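Worksheet: one structure, shown below.
The values are calculated or read from the model by the stated rules, or taken from the named source; none is laboratory data. Just so it is clear, the structure is predicted and the values come from calculations on it, not from any experiment. Cβ coordinates were reconstructed from backbone atoms using ideal geometry, including for glycine residues, and neighbour counts include every protein chain displayed.
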Amino acid sequence: MTRIAILSALAEEQHGLQALLRQPQEIHHAGRDFWLGELQGQRVVLALSRVGKVAAATTAAALIEHFGVTRIVFTGVAGGLGPGVQVGDVVVASGFVQHDMDASPIFPRYELPLYGRSLIACDEFLSAPLFEAACAHLERVEAGFNTKNEMAAHGVHRGLIASGDRFVSTALESAALRHALQSGGHEALAVEMEGAAVAQVCLDYGVPFAAIRTISDRADDQAHGDFAEFVREVAGRYACAIIGRWLDLLSEK
Ligand code: ADE
């Protein structure tokens with residue numbers, strides 16, 4: 001039977017999932033804690049990578065090599081880059097680019113040296129139900145808001161996510177990042193610090209990968225405060241609801 005890895009950078013990003021785990025077993029490996037068990041009838045392992053591309057790549061490799069996972073999903077938060085990608089929206093990744101990869105002039109900017117590509121696509125079979133689960137969750141959240149007569153209109157987006165070893169925390173920086181990526185032909189919806197590394201490890205091993213990011217900030221001058229509050233208050237609730245539904249959808253297929 002296959003085992004699915006549910007990966008996040010920080011504990012808050014999957015807060016609540018651990019409590020739902022059936023027959024939990026904690027294993028310490030490669031300086032990290034992993035929790036094996038069952039969620040919605042599926043064998044899973046929950047893992048925390050910590051922050052950044054190297055930490056994420058180590059964790060993804062350990063999940064595949066040591067725990068034998070056959071699918072990986074990343075759930076966490078990101079800064080909104082694209083116009084209309086607002087705090088509280090959800091982005092399901094269609095693919096990833098490393099915004100800090102630059103081996104020019106030897107290779108074109110953003111290209112992964114010797115991979116002949118800058119973009120790594122996510123797995124469609126895993127991503128389609130993730131999008132469906134996110135839409136269902138946001139509809140429920142909206143319905144809750146509407147009964148309280150509050151304004152909320154959060155959307156689910158599907159598109160490119162850019163990863164790099166930098167927390168983007170000024171409007172100037174995020175505009176520059178967006179324009180630089182556009183010059184390379186990449187229209188990124190969101191920015192974070194792990195996804196492209198996990199995508200690359202999964203590509204190397206031939207393991208299907210999908211990712212979902214809730215927008216915690218706009219990668220602008222308020223990003224630091226917005227991120228901290230959002231991660232604490234919202235990220236775990238979204239992960240529990242969306243990943244739970246996603247697992248249900250996968251077992252229906
Ligand atoms: N993750 C969440 N917000 C982010 C930001 N502004 N920059 C990089 N990673 C993030």
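General observations
- In a residue-by-residue description of segment 23-39, the property of being modelled with pLDDT of 95 or more and of a type in the set (Lys, Arg) applies to no position.
- Scanning segment 224-236 for any residue that is more than 12 Å from the ligand (Cβ to nearest atom), in contact (Cβ under 8 Å) with a residue 12 or more places away in the chain and within 21 Å of Glu124 (Cα to Cα) turns up nothing.
- Some residue of segment 119-133 being assigned to a strand (DSSP E or B) and either within 16 Å of the ligand (Cβ to nearest atom) or touching a residue at least 12 places away in the same chain (Cβ under 8 Å) (or both): yes
- Residue match in segment 43-54 (condition: assigned to a helix (DSSP H, G or I), exposed (fewer than 15 other Cβ atoms within 10 Å of the Cβ) and on the phi < 0 side of the Ramachandran plot): yes
- Applying the condition of being in contact (Cβ under 8 Å) with a residue 12 or more places away in the chain and farther than 30 Å from His154 by Cβ to segment 74-112 and asking which residue is surrounded by the fewest Cβ atoms within 10 Å (Cβ to Cβ) yields Pro108.
- Picking from residues in segment 25-42 that are under 17 Å from Ile243 (Cα atoms) and touching a helix residue (DSSP H, G or I) at 6+ places or on another chain (Cβ under 7 Å), the one that is surrounded by the most Cβ atoms within 10 Å (Cβ to Cβ) is Leu39.
- Ser94 being modelled with pLDDT of 95 or more, under 18 Å from Pro208 (Cα atoms) and touching a Lys or Arg at 6+ places or on another chain (Cβ under 6 Å): yes
- Matching residues in segment 201-239 - criterion: being surrounded by 20 or more Cβ atoms within 10 Å (Cβ to Cβ) and under 17 Å from Ala47 (Cβ atoms): Val201, Cys202, Phe209, Ala210, Ala211, Ile212, Arg213, Ala235, Gly236, Ala239
- The requirement of being within 14 Å of Gly195 (Cβ to Cβ), out of contact with any His (no Cβ under 8 Å at 6 or more places or on another chain), small (Gly, Ala, Ser) and buried (at least 21 other Cβ atoms within 10 Å of the Cβ) is fulfilled somewhere in segment 123-139, by at least one residue.
- Where Phe96 falls short, out of the listed (1) among the aromatic types (Phe, Trp, Tyr); (2) more than 15 Å from the ligand (Cβ to nearest atom); (3) touching a helix residue (DSSP H, G or I) at 6+ places or on another chain (Cβ under 9 Å): (2)
- All conditions but one from (1) of a type outside the set (Ser, Thr, Tyr); (2) within 16 Å of the ligand (Cβ to nearest atom); (3) under 19 Å from Ala190 (Cα atoms); (4) not in a loop (DSSP other than H, G, I, E, B) apply to Val73; the one that does not is (2).
- One residue from Ala197, Ala211 being within 14 Å of the ligand (Cβ to nearest atom), part of a helix (DSSP H, G or I) and under 20 Å from Thr70 (Cβ atoms): Ala197
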